[in-house]
Amino acid sequence: METKKQKFYCNTCIWETNHTILKHHKEYYEETIYFEDANVGEISDLLWSNDIYQIIKCNWCDQISFRETSINSECTNKRDIEENFYPKRNVNQHKHKKIKQYRKTLKIFI
Ligand SMILES: [Zn+2]
């Protein structure tokens, strides 16, 4: 079970902010496949996929968006997890870095 709040990049805030998960839907599918191995005989393998659909809301600007993630038995590391946002995130790394520095500077003076 995922937490009700998570950090995601927000297009409006141009920053990674806390988001509230308004709606969470999970689709799980699994199938056992059987095949013959000349040496061992019949072998089975469990294939599965886990898709998550979320309606999320930025806690700073109240922007609502949609997030979907997909993971399956063929994934070997975190990078294999498919993650999509609607609308798409406009993460500009250079801009993101500058804003990060700016916010750090602001923290010093506040
Ligand atoms: Zn926002």
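All of the numbers you see were taken from the coordinates with simple rules; none came from a lab. Not measured: the values here are computed from a predicted model. Because the Cβ atoms are built from the backbone with ideal geometry, glycine has one as well, and the counts that use them run over all protein chains shown.
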Farther than 25 Å from residue 104 by Cβ, assigned to a loop (DSSP other than H, G, I, E, B) and hydroxyl-bearing (Ser, Thr, Tyr), is that true of residue 69? no
Using beta carbons and a limit of 6 Å, which pairs, at least six apart or on different chains, have the first residue in segment 6-30 and within 20 Å of residue 51 (Cα to Cα) and the second one of a type in the set (Gly, Ala, Ser) and away from the ligand (no atom under 16 Å from the Cβ)? 29/49
Within segment 13-65, tally of residues that are within 9 Å of the ligand (Cβ to nearest atom) and more than 25 Å from residue 81 (Cβ to Cβ): 3
Does segment 69-92 contain any residue that is more than 15 Å from the ligand (Cβ to nearest atom), exposed (fewer than 14 other Cβ atoms within 10 Å of the Cβ) and β-branched (Val, Ile, Thr)? yes
Contact list please: Cβ distance under 8 Å, first residue in segment 65-82 and charged (D, E, K, R), second residue part of a loop (DSSP other than H, G, I, E, B), pairs at least six apart or on different chains. 80/74
Selection within segment 7-56 - assigned to a strand (DSSP E or B) and among the polar types (S, T, N, Q): 17, 18, 20, 32, 44, 49, 50, 54
